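K.L.:
Here it is: the structure, laid out below.
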Amino acid sequence: MNQIRKEVLVFKTDLESEDRLAAIKPFLDRHPGIFRWTVDRHDIDKVLRIESENVSANDVIGLLQGGGFLCEELPD
């Protein structure tokens, strides 16, 4: 039986503008393992916070980098 992993993932991004947020929004909204996400555009790291289930940091990094965005996991 697979164990469900619920967690919060935090990333440094370059999602500083409304256009960049609008470009990534459909991908994050449609991802079945992502429940909620926010970007703090006032933070120097433009922090993306994702509440997820069975989603790895590498999944998110691949998704954003595949779209041409900067995405690096931030340490706890």
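K.L.:
Could you check, for segment 5-22, whether at least one of its residues is in contact (Cβ under 8 Å) with a residue 24 or more places away in the chain, touching a Cys at 6+ places or on another chain (Cβ under 6 Å), buried (at least 17 other Cβ atoms within 10 Å of the Cβ) and of a type outside the set (A, V, I, L, M)?
P.N.:
yes
K.L.:
Based on what the data block shows, is Val60 assigned to a strand (DSSP E or B) and either within 14 Å of Val8 (Cβ to Cβ) or within 11 Å of the chain's Cα centre (by Cα) (or both)?
P.N.:
When the stated conditions are applied, Val60 does not pass them.
K.L.:
Would you say Arg49 is surrounded by 14 or more Cβ atoms within 10 Å (Cβ to Cβ) and either touching a Cys at 6+ places or on another chain (Cβ under 7 Å) or in contact (Cβ under 8 Å) with a residue 40 or more places away in the chain (or both)?
P.N.:
yes
K.L.:
Restricting to segment 15-54, what's the tally of residues that are in a strand (DSSP E or B) and in contact with a helix residue (DSSP H, G or I) (Cβ under 9 Å, 6 or more places away or on another chain)?
P.N.:
6
Every read-out reported here was derived from the displayed coordinates using simple, explicitly stated rules and does not represent laboratory data. All figures in this text were calculated on a predicted structure; none of them were measured in a lab. For neighbour counting, all protein chains shown are included, and Cβ atoms are generated from backbone atoms with ideal geometry for every residue, glycine included.
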